[in-house]
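The values are calculated or read from the model by the stated rules, or taken from the named source; none is laboratory data. Note that the structure is a prediction, hence the values are computed from the model and not measured. Please note: Cβ atoms are built from the backbone with ideal geometry, for glycine as well, and neighbour counts cover all protein chains shown. To get the accessible areas, we keep the full protein, side chains included, count just its heavy atoms, and leave off ligands, DNA and RNA. Shrake-Rupley method; radii C 1.70, N 1.55, O 1.52, S 1.80 Å.
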Amino acid sequence: MQRLLDVLRYELQLTGAKEGCGEGECGSCSVLMNGELVNSCLIPALQAEGASITTIEGLAEGSQLSTLQKAFLDCGGAQCGVCTPGML
């Protein structure tokens, strides 16, 4: 009964998605699941089995930032870092 967020962070060591509210309201745990934006704190890990999951770690290609990541950096869009991955 683990949440997708917990599997990503603690088992896969993908710590970009953060727990904010734990209720699906803040978006800091947002990831793409099969191309759709979801709150990973609300998704049971078993529901994500076989799905394509993209976290903030998957937006860049190697050391090359995605266009959106670069725009956030260039325009000073980063906040404290908790919600920025969810915004991206």
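Quick look at the values:
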read-out	value
Cα convex hull of the chain, projected area averaged across orientations, nm²	5.8
Peptides 67-73, 54-60 ordered by average Cβ neighbours within 10 Å, highest first	54-60, 67-73
Inter-part distance where the stretch 51-85 and the stretch 1-31 are each reduced to a Cα centre, Å	16
Cα centre as origin, Lys/Arg/Asp/Glu Cβ charges: the chain dipole, Debye	140
Kirkwood-based shape ratio for the stretch 37-88, expressed as Rg/Rh from alpha carbons	1.03
Solvent exposure of the chain as accessible area per residue, Å², 1.4 Å probe	63
Expected 222 nm ellipticity per residue - DSSP helices of 4 or more, -39500 (n - 2.57), all of the chain, to 500	-3500 deg cm²/dmol
